[in-house]
Every structure is written in C-alpha cells, then in structure tokens.
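Visitor: Pasting a structure here, questions to come.
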Amino acid sequence: MILMNKYKTSGLVALLLFIGVAFSGCFVYKFNDAVIPANVKTVKIGFIENRARYVNPQLSPKLTDKLQAKITGQTKLTRTNNDDADYVISGAITNYDPSQTVGVSSQQASTNRLTVTVHIVLRKTLDNKVEEFDVSRSFDFSANLTLQQAEGQLLEEVVRNLTDEIFNRIFNNW
C-alpha cells in the first residue's frame, strides 16, 4: 500500500513537471538570453544610417553588420529583406559628439569624451506596433590623441557596446 502511494506520488510529480515544461515553451522561447514570442519567426534589419552632424564613415556599416550578425547568431529568427517580416529594425546614428572634455590635469584637458547616440525603430508587424528608443554611450579617450587617432582605437568598442545595448533593448526589454 505504501509502495503504491509512492508510485502515484512520483507519477503525479512527473506529470506536473512534464506539463510545466511543455506549456512554458508555448508562448515565448529563450535562446542565448533573447526572449522572443514564439510566433515571431522573421526579421528584417535595415542599414543603420548616419545622420549625425559629424560622420565617421566606418561606424554605420560596421554597426549594421555587427547588429545583423548578433541577431542572426543569437536568435532563431530568419533574416529576410521583406518589409512584412515579423520584426523590422531600422535606425540612424543621430549624434556623434567628440567635443566634451571630462578630465583636467594641471590646467589642461587630460581626457576627452566621444558620445554616440543611435535612434532605433522596431516595427512589430504581427502586433501592428512600433517602438522607438535611443541608445547613447560615451567613450573616454586621452586628450593627447587627435579625434582620428581616438576613433581608430575606440571604433570596435563603440560598435560592440552599441550593438549589445540595442540587442538587449529589443530582445530583453532592458
């Protein structure tokens, strides 16, 4: 009798566990920390245009490429060029400002700051919704460097940080 109750309890626990696992994946799936509704299958990632007053000609194509690679590599979404994709992502670099001095030593600037802002538009066609947000990051560099020297040193960090923040805002609601 005790042995039968043990098996019934174990079976019930297993059944509840199975049901919990089965239903947890019906509405949302998670892959590499990206939370995406199960009905979202395709994504169109447009070119990130450069509309800033000062233009770094390498930033726009590198940011676009890195964002495309991150989304296709860390989600199960299929990339398409169709405007009716489930998610349509577009954006523009709206600010690229290297003019801020943030550190002073012996009456001279010791650290300058480059601030980059990207405006993102996310169209969710299945929900008929449009979400817009800005991602802005600042990057410090030595005042002894010219802007061109600093850009050469900072470009990969700028692209990586902006890509990560855009991805997290879209897929993790950060």
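Visitor: Can you name every residue in region 127-148 that is loosely packed, with under 14 Cβ neighbours inside 10 Å and either touching a residue at least 60 places away in the same chain (Cβ under 8 Å) or over 23 Å from GLU49 (Cα atoms) (or both)?
Guide: Once the filter is applied, which keeps residues that are loosely packed, with under 14 Cβ neighbours inside 10 Å and either touching a residue at least 60 places away in the same chain (Cβ under 8 Å) or over 23 Å from GLU49 (Cα atoms) (or both), region 127-148 yields ASP127, ASN128, SER142, ASN144, THR146.
Matching residues to (1) touching a His at 6+ places or on another chain (Cβ under 7 Å); (2) under 24 Å from SER136 (Cβ atoms); (3) without any contact (Cβ under 8 Å) to a residue 60 or more places away in the chain:
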residue	(1), (2), (3)
PHE47	no, yes, yes
ASN50	no, yes, yes
GLN58	no, yes, no
LYS66	no, yes, no
THR72	no, no, yes
THR80	no, no, yes
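Visitor: Here's something else I'd like to know. Looking at the structure I just gave you, is GLU165 modelled with pLDDT of 95 or more, surrounded by fewer than 13 Cβ atoms within 10 Å (Cβ to Cβ) and under 18 Å from the mean Cα position of the chain (by Cα)?
Guide: No, not satisfied.
Visitor: Can you spot a residue in region 43-64 that is within 19 Å of ASP127 (Cβ to Cβ), surrounded by 14 or more Cβ atoms within 10 Å (Cβ to Cβ) and polar (S, T, N, Q)?
Guide: No, every residue in region 43-64 fails to be within 19 Å of ASP127 (Cβ to Cβ), surrounded by 14 or more Cβ atoms within 10 Å (Cβ to Cβ) and polar (S, T, N, Q).
Visitor: Within region 74-83, is there a residue that is within 16 Å of GLU165 (Cα to Cα) and either assigned to a strand (DSSP E or B) or more than 13 Å from the chain's Cα centre (by Cα) (or both)? If you could, list the steps in order and put the result at the bottom.
Guide: Looking only at region 74-83, we keep the residues that are within 16 Å of GLU165 (Cα to Cα), and these are 74-75.
Those left that are additionally either assigned to a strand (DSSP E or B) or more than 13 Å from the chain's Cα centre (by Cα) (or both): none.
No: zero hits.
The values are calculated or read from the model by the stated rules, or taken from the named source; none is laboratory data. In this text, all values refer to a predicted model and were calculated from it rather than measured experimentally. Please note: Cβ atoms are built from the backbone with ideal geometry, for glycine as well, and neighbour counts cover all protein chains shown.
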